[in-house]
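Peer 1: If you scroll down you'll find the structure; I have some questions about it.
The values are calculated or read from the model by the stated rules, or taken from the named source; none is laboratory data. What you see is a predicted model, and the numbers here were worked out from it, not measured in a lab. In this analysis, Cβ positions are derived from the backbone assuming ideal geometry, glycine residues included, and neighbour counts consider all displayed protein chains. Remember, those area values only see protein heavy atoms, side chains included, never the ligands or the DNA or RNA. Shrake-Rupley method; radii C 1.70, N 1.55, O 1.52, S 1.80 Å.
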Protein chains: 2
Amino acid sequence: MPNPTAAMIVIGDEILSGRTRDTNTQYLAIQLTEIGIDLREVRVVADNPDHIIAAVNALRAQYTYVFTSGGIGPTHDDITSDCIAKAFNVPITVREDARKILAANYQNPETDLNEARLRMARIPQGATLIDNPISKAPGYRIGNVHVMAGVPYIFEAMLAGVIPTLTGGKPLLSTSIRLDRREGDIAERLGQIAEDHPNVTIGSYPFVRDGAFGTNIVIRSQDKDAMQDAAMDVLDMIAPIH
Amino acid sequence: MPNPTAAMIVIGDEILSGRTRDTNTQYLAIQLTEIGIDLREVRVVADNPDHIIAAVNALRAQYTYVFTSGGIGPTHDDITSDCIAKAFNVPITVREDARKILAANYQNPETDLNEARLRMARIPQGATLIDNPISKAPGYRIGNVHVMAGVPYIFEAMLAGVIPTLTGGKPLLSTSIRLDRREGDIAERLGQIAEDHPNVTIGSYPFVRDGAFGTNIVIRSQDKDAMQDAAMDVLDMIAPIH
């Protein structure tokens, strides 16, 4: 049976302007890879309702799980939840359980839980809350879409609660071999090795370090023996045993 | 006149597995922002022909410029150029000018410019080469799509040659104000300021540092005066002048 699949939607003008580097994608990718869920696509979209809605609807139809990060705070530019509600065509209102979670976080809920903060208790109908142990304002899951915070520290804490709720697959194992040789010198033999081992994926990643070229060969498989067999062939290619 | 727009396609399983963090997107984003081109969308797709072709065709129809990174090397997993040719429905063959560039890079072109390396001289019909001052194998532009290397050092060098060929717009200016206050405490007033200044975009980015919450307010505009007026209102919000 093939592994479950996933897509990530990063919402935010600040990523697209280059001001902020997205780190949530890599964090998610590593966690999903560990439990056998294949992250297949990532989209970074602007704070624009049409773009957010289109991405959510395209990806939730295509992949087992979708994750979003960003745009669920209290300010005017936090439009993710309204877009999610529109994408699912459901109403969005302040929900009592979410409001209580927020209220419990303030010493003076009457004044501190102001109208802006109440926006964070607006949850699309039919969603299940995702715990936020850091700043309390919850994320939520609706259908196969997990709506989470953009701040990395909070995204990561929310994900820790989400991971056990996902159905994983067979983890993809990988091993990496670093060569001080250029890709072009090993490409033909490597292509042959890739053909000889249909149950593994062999990736070749060139790098430049201190002006010298090298190549990382990454061998991935769900089957440990198949991975090791291919790795042996790669090692033999570098230092042939006669 | 609105600014030209752009999209980025990052091609590579190694990003989606979390093994490698993509840095080309942020580098591109900063460069485009400086010359008034709005990066509107980024997609990270797997080494899968259907996904690559679909992303190229969706984005080249929607945005002024498209940039791709990754998958143009000599190994079996470098499938970008074949996908680009299919997306544009044009043939792809070894091109003499590209072959010469590669040959000039080797002391013994007859042996070193092997079949695998010759793959890097395969260029979709109708493309214009993009110079690669680092490892020589060229990128290319076809239609509005710029096909570039994945290795950051090479991507950046190629981009340096591409930037002067692009038609920019009015650069987006920005100023950032850092507050030691939580978003929820300033959200209502900030929303009002955003409404009062329709020619600026005001972004609010919460952060957590050493356990303390804070907010970065970023004010963006093509109009310097409008940006400064809005910034004054934000500063006045923090420390009202009576």
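Peer 1: Taking strands (runs of 3 or more DSSP E) that fall entirely within the stretch B:1-87, which contain at least 1 residues that are free of Cβ contacts under 8 Å to residues at least 40 places away in the same chain? Full working, then the answer.
Peer 2: On the way: elements: B:5-11, B:38-45, B:65-69.
Strands (runs of 3 or more DSSP E) meeting the threshold: B:38-45.
Peer 1: Looking at the stretch A:1-20, which of the residues that are buried (at least 20 other Cβ atoms within 10 Å of the Cβ) and of a type in the set (Val, Ile, Thr) is farthest from the chain's Cα centre (by Cα)?
Peer 2: Among those that are buried (at least 20 other Cβ atoms within 10 Å of the Cβ) and of a type in the set (Val, Ile, Thr), it is A:Thr20.
Peer 1: Check B:Arg189, B:Arg220, B:Arg182, B:Arg141 and return the single one that is among the basic types (Lys, Arg) and touching a Phe, Trp or Tyr at 6+ places or on another chain (Cβ under 6 Å).
Peer 2: Numbers: B:Arg189 fails: touching a Phe, Trp or Tyr at 6+ places or on another chain (Cβ under 6 Å); B:Arg220 fails: touching a Phe, Trp or Tyr at 6+ places or on another chain (Cβ under 6 Å); B:Arg141 fails: touching a Phe, Trp or Tyr at 6+ places or on another chain (Cβ under 6 Å).
B:Arg182 is the lone residue from the list that is among the basic types (Lys, Arg) and touching a Phe, Trp or Tyr at 6+ places or on another chain (Cβ under 6 Å).
Peer 1: Does the stretch A:55-71 include one or more residues that are closer than 30 Å to B:Pro171 by Cβ and within 7 Å of chain B (Cβ to nearest Cβ)? So that I can check it myself, show each step before the final result.
Peer 2: Taking the stretch A:55-71 first, the residues closer than 30 Å to B:Pro171 by Cβ are A:55, A:68-71.
Narrowing the set further to residues that are within 7 Å of chain B (Cβ to nearest Cβ) leaves none.
No, the stretch A:55-71 contains no residue that is closer than 30 Å to B:Pro171 by Cβ and within 7 Å of chain B (Cβ to nearest Cβ).
Peer 1: Also, I was wondering about something else. Only residues in the stretch B:218-239 that are farther than 23 Å from A:Ile15 by Cβ and assigned to a helix (DSSP H, G or I) count as the first member; pair them with residues that are of a type outside the set (A, V, I, L, M, F, W, C) and open to solvent by 20 Å² or more (accessible area, probe 1.4 Å), Cβ under 8 angstrom, at least 6 apart or cross-chain, and list the lot.
Peer 2: B:Ala226/B:His197; B:Ala226/B:Asn199; B:Gln228/B:Thr175; B:Asp229/B:His197; B:Asp233/B:Asp196; B:Asp233/B:His197; B:Met237/B:Arg189; B:Ile238/B:Arg181
Peer 1: Given the conditions (1) under 21 Å from A:Tyr27 (Cβ atoms); (2) open to solvent by 70 Å² or more (accessible area, probe 1.4 Å), and given that A:Gly73 satisfies all but one, which numbered condition is not satisfied?
Peer 2: Tallying (1) under 21 Å from A:Tyr27 (Cβ atoms); (2) open to solvent by 70 Å² or more (accessible area, probe 1.4 Å), A:Gly73 fails exactly one: (2).
Peer 1: On to the next question. Answer yes or no: is there a residue in the stretch B:76-89 that is acidic (Asp, Glu), touching a helix residue (DSSP H, G or I) at 6+ places or on another chain (Cβ under 8 Å) and open to solvent by less than 30 Å² (accessible area, probe 1.4 Å). Spell out how you get there, then give the answer.
Peer 2: If we filter the stretch B:76-89 for residues that are acidic (Asp, Glu), which is where we start, we get B:77-78, B:82.
The next check asks that each one be touching a helix residue (DSSP H, G or I) at 6+ places or on another chain (Cβ under 8 Å); those that pass are B:77-78, B:82.
This time we only want the ones that are open to solvent by less than 30 Å² (accessible area, probe 1.4 Å), so: B:77-78.
Checked the stretch B:76-89: at least one residue is acidic (Asp, Glu), touching a helix residue (DSSP H, G or I) at 6+ places or on another chain (Cβ under 8 Å) and open to solvent by less than 30 Å² (accessible area, probe 1.4 Å).
Peer 1: Based on what the data block shows, is B:Asp50 farther than 23 Å from A:Pro206 by Cα and modelled with pLDDT of 95 or more? Before you say what the answer is, go through the steps one by one.
Peer 2: Working: farther than 23 Å from A:Pro206 by Cα: yes; modelled with pLDDT of 95 or more: yes.
Against the criterion (farther than 23 Å from A:Pro206 by Cα and modelled with pLDDT of 95 or more), B:Asp50 qualifies.
Peer 1: Quick one: count up the residues across the stretch A:183-213 that are more than 7 Å from chain B (Cβ to nearest Cβ), of a type outside the set (Asp, Glu), surrounded by fewer than 16 Cβ atoms within 10 Å (Cβ to Cβ) and under 29 Å from B:Glu156 (Cβ atoms).
Peer 2: Going through the stretch A:183-213 one residue at a time, the tally reaches 3.
Peer 1: With the structure loaded, tell me whether A:Ile101 is open to solvent by 40 Å² or more (accessible area, probe 1.4 Å) and within 14 Å of chain B (Cβ to nearest Cβ) or whether it fails that test. So that I can check it myself, show each step before the final result.
Peer 2: Working: open to solvent by 40 Å² or more (accessible area, probe 1.4 Å): yes; within 14 Å of chain B (Cβ to nearest Cβ): yes.
Judged against the criteria, A:Ile101 is a match.
Peer 1: Does the stretch A:204-223 include one or more residues that are more than 30 Å from B:Asn105 (Cα to Cα) and over 30 Å from the mean Cα position of the chain (by Cα)?
Peer 2: So the first thing to find is which residues in the stretch A:204-223 are more than 30 Å from B:Asn105 (Cα to Cα), and the list is A:220-223.
Right, trim to over 30 Å from the mean Cα position of the chain (by Cα) and you get none.
Within the stretch A:204-223 (the criterion being more than 30 Å from B:Asn105 (Cα to Cα) and over 30 Å from the mean Cα position of the chain (by Cα)), the answer is no, since none of the residues qualifies.
Peer 1: Right, another one. Let me spell it out: the conditions are (1) over 18 Å from the mean Cα position of the chain (by Cα); (2) modelled with pLDDT of 95 or more; (3) among the hydrophobic types (A, V, I, L, M, F, W, C), and A:Met158 meets all of them except one. Which number is the exception?
Peer 2: It fails just one condition, (1).
Peer 1: Given the conditions (1) open to solvent by 30 Å² or more (accessible area, probe 1.4 Å); (2) assigned to a strand (DSSP E or B); (3) more than 14 Å from chain A (Cβ to nearest Cβ), report the number of the one that B:Pro164 does not fulfil.
Peer 2: (2)
Peer 1: Let me ask something additional. Test B:Pro171 against the criterion of being under 22 Å from B:Gln26 (Cβ atoms), outside any strand (DSSP E or B) and within 12 Å of chain A (Cβ to nearest Cβ), and give yes or no. Before you say what the answer is, go through the steps one by one.
Peer 2: On the way: under 22 Å from B:Gln26 (Cβ atoms): yes; outside any strand (DSSP E or B): yes; within 12 Å of chain A (Cβ to nearest Cβ): yes.
Answer is yes for this residue.
Peer 1: Something else now. Checking the structure you have, find out if any residue of the stretch A:105-117 is among the β-branched types (Val, Ile, Thr), more than 29 Å from A:Pro164 (Cβ to Cβ) and buried (at least 21 other Cβ atoms within 10 Å of the Cβ). Give the steps one after another, and end with the answer.
Peer 2: Here is the first cut: in the stretch A:105-117, the residues among the β-branched types (Val, Ile, Thr) are A:111.
Those still in the list that are more than 29 Å from A:Pro164 (Cβ to Cβ) too: A:111.
If we keep only those that are buried (at least 21 other Cβ atoms within 10 Å of the Cβ) too, we end up with none.
No: zero hits.
Peer 1: It is to be established whether one or more residues within the stretch B:131-145 are of a type outside the set (Val, Ile, Thr), out of contact with any helix residue (DSSP H, G or I) (no Cβ under 7 Å at 6 or more places or on another chain) and either within 14 Å of chain A (Cβ to nearest Cβ) or open to solvent by 70 Å² or more (accessible area, probe 1.4 Å) (or both). Full working, then the answer.
Peer 2: Step one: of the stretch B:131-145, the residues of a type outside the set (Val, Ile, Thr) are B:131-133, B:135-141, B:143-144.
Checking which are out of contact with any helix residue (DSSP H, G or I) (no Cβ under 7 Å at 6 or more places or on another chain) leaves us with B:140-141.
From the residues that got through so far, the ones that are either within 14 Å of chain A (Cβ to nearest Cβ) or open to solvent by 70 Å² or more (accessible area, probe 1.4 Å) (or both) too are B:141.
Taking every residue of the stretch B:131-145 in turn, at least one turns out to be of a type outside the set (Val, Ile, Thr), out of contact with any helix residue (DSSP H, G or I) (no Cβ under 7 Å at 6 or more places or on another chain) and either within 14 Å of chain A (Cβ to nearest Cβ) or open to solvent by 70 Å² or more (accessible area, probe 1.4 Å) (or both).
Peer 1: Return the residues of the stretch A:21-51 that are farther than 14 Å from A:Thr68 by Cβ, facing chain B (nearest Cβ under 7 Å) and open to solvent by 20 Å² or more (accessible area, probe 1.4 Å); say none if nothing qualifies.
Peer 2: A:Arg21, A:Gln26, A:Ile30, A:Thr33, A:Arg40
Peer 1: Does at least one position in the stretch B:74-91 carry a residue that is more than 21 Å from B:Asp131 (Cα to Cα), within 11 Å of chain A (Cβ to nearest Cβ) and at pLDDT 95 or above?
Peer 2: No, the conditions are met nowhere in the stretch B:74-91.
Peer 1: Same structure again: Would you point out which residue out of B:Arg178, B:Arg122 is touching a residue at least 12 places away in the same chain (Cβ under 8 Å) and open to solvent by 60 Å² or more (accessible area, probe 1.4 Å)? Explain how you work it out, then say what you get.
Peer 2: Values: B:Arg122 fails: open to solvent by 60 Å² or more (accessible area, probe 1.4 Å).
One residue alone meets the criteria, B:Arg178.
Peer 1: Can I ask one more? Just give me the residues in the stretch A:108-130 being within 14 Å of chain B (Cβ to nearest Cβ) and either outside any helix (DSSP H, G or I) or touching a His at 6+ places or on another chain (Cβ under 6 Å) (or both), in sequence order.
Peer 2: Within the stretch A:108-130, A:Asn108, A:Leu113, A:Asn114, A:Arg122 qualify.
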